[in-house]
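Single-structure report; data block below.
Rule-based calculations on the coordinates, nothing more; no lab input. Quick caveat: nothing in here was measured; it's all calculated off a predicted structure. For neighbour counting, all protein chains shown are included, and Cβ atoms are generated from backbone atoms with ideal geometry for every residue, glycine included.
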There are 2 protein chains.
Amino acid sequence: MLAKSTEYAIRALVFVQLRNWEGKRPGVVEIAKEIEAPPAFSAKILQTLTRHRLLDSAKGRGGGFFFNNEQNELTLYQVIHVMEGDACFHRCGFGLKSCNNDNPCPLHEQYKEVRDKFFEIVQEETIQALSEKIRKGEAVLNRGIG
Amino acid sequence: MLAKSTEYAIRALVFVQLRNWEGKRPGVVEIAKEIEAPPAFSAKILQTLTRHRLLDSAKGRGGGFFFNNEQNELTLYQVIHVMEGDACFHRCGFGLKSCNNDNPCPLHEQYKEVRDKFFEIVQEETIQALSEKIRKGEAVLNRGIG
DNA sequence: TTATAAAAGGACCCCGTTGTCCTTTTATAA
DNA sequence: TTATAAAAGGACAACGGGGTCCTTTTATAA
């Protein structure tokens, strides 16, 4: 459904939020370890996120990644949009370029329902809400920390 | 959601069914043209489908692809299973290996709903049902034939 | 019984996503 | 004010899915 890099991005952001709540600004190495992603690749992803201002970073000694407190909650949709665009919310489940309500593929109605439901979810869910679940012990980020 | 080759496979099977109903057995070239897929690649996909006996084929002059009339309707799930396995119905939306009901990722419940709904659809829908929709003019396979 | 038309199959290529490595920039602690 | 620790950035490598091409097998029509 989502690209691997998008998944890494979401997990990374959740971890940053958790650490921020503890007053810490994690760096690439710590983040990569926690989300079980390759460090160098995580660095690239974090770069993308900061370049698009979904996340802030500080260079130099004592630097790391953090959320600017001023900004609002970050929806999963915003993350997906920046990481891979939103083609997945528009594509025909049958692979037809011409498929739409007026000119439906045979799977159009059923697939649309699923796709739209997913779209709703990612627009409503936020990094902060997911992080909160983990903080309360209702969910996990990997099989470690919790 | 589905691999491109799976989409081609489904479209190809639908077209074969439509032609079979007209008493014809289409060949690779005709199928590829209709479903707007590369001919050589379509050949590979059709090979996979016949090797797994979802479809029958006849070599030599006057040959082509067709459904064995004896066999039951073919569900989309069967096609997906043969083409790309069923990982997409089990994978965590967050990319976690350890995610399950007892050990959920923060997105588990919501994602599961979408995933399960899609699973239901592909188990219920069949190549024959989709073909019938096209035959009745209720849906299209590309922007041509209808 | 041979020429032809078709699927089957093997070997290979291409490209985007994933992933690495090394250098540069920037900030801070000593 | 310098050594160090961190992110930023550019260039490149690897892998897998998508895709091509050519040869082999098989059937049929002439």
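Brief remarks follow.
- Counting only residues that are in contact with a Ser or Thr (Cβ under 8 Å, 6 or more places away or on another chain) and either hydroxyl-bearing (Ser, Thr, Tyr) or farther than 16 Å from B:Arg11 by Cβ (or both), region B:52-91 holds 7 of them.
- Looking only at residues in region A:87-98 that are within 28 Å of the chain's Cα centre (by Cα) and surrounded by 13 or more Cβ atoms within 10 Å (Cβ to Cβ), the one that is farthest from the other protein chains (Cβ to nearest Cβ) is A:Phe89.
- The set of residues from region A:126-146 being at the interface with another protein chain (Cβ under 7 Å from one of its Cβ atoms) and either in a loop (DSSP other than H, G, I, E, B) or touching a strand residue (DSSP E or B) at 6+ places or on another chain (Cβ under 9 Å) (or both) comprises A:Ala139, A:Val140, A:Asn142, A:Arg143.
- For region B:107-117, the criterion of being assigned to a helix (DSSP H, G or I), among the hydrophobic types (A, V, I, L, M, F, W, C) and closer than 30 Å to A:Arg135 by Cβ is satisfied by at least one residue.
- Exactly one residue out of B:Asp116, B:Asp56 is more than 14 Å from chain A (Cβ to nearest Cβ) and closer than 24 Å to B:Ala3 by Cα: that is B:Asp56.
- Residues (touching a residue at least 12 places away in the same chain (Cβ under 8 Å) and either part of a helix (DSSP H, G or I) or at positive phi (or both)) located in region B:75-90: B:Leu76, B:Tyr77, B:Gln78, B:Val79, B:Ile80, B:Val82, B:Met83, B:Glu84, B:Cys88, B:Phe89
- Only listed residue being of a type in the set (D, E, K, R), more than 15 Å from DNA strand D (Cβ to nearest atom) and under 15 Å from the mean Cα position of the chain (by Cα), chosen from B:Glu73, B:Glu84: B:Glu73
- Qualifying residue in region B:100-109 (condition: within 10 Å of another protein chain (Cβ to nearest Cβ), crowded, with 18+ Cβ neighbours inside 10 Å and out of contact with any Leu (no Cβ under 8 Å at 6 or more places or on another chain)): yes
- Region A:5-31: number of residues that are within 13 Å of DNA strand C (Cβ to nearest atom) and either within 14 Å of chain B (Cβ to nearest Cβ) or in a loop (DSSP other than H, G, I, E, B) (or both): 10
- Scope region A:91-146; condition without any contact (Cβ under 8 Å) to a residue 12 or more places away in the chain, more than 30 Å from B:Leu76 (Cα to Cα) and touching a helix residue (DSSP H, G or I) at 6+ places or on another chain (Cβ under 6 Å); matching residues: A:Ala139
- Filtered by the rule that a residue be outside any helix (DSSP H, G or I) and loosely packed, with under 13 Cβ neighbours inside 10 Å, region B:32-42 gives a lone residue, B:Pro38.
- Looking only at region B:43-67, and only at residues there that are assigned to a loop (DSSP other than H, G, I, E, B) and more than 7 Å from DNA strand C (Cβ to nearest atom), the one that is surrounded by the most Cβ atoms within 10 Å (Cβ to Cβ): B:Leu55
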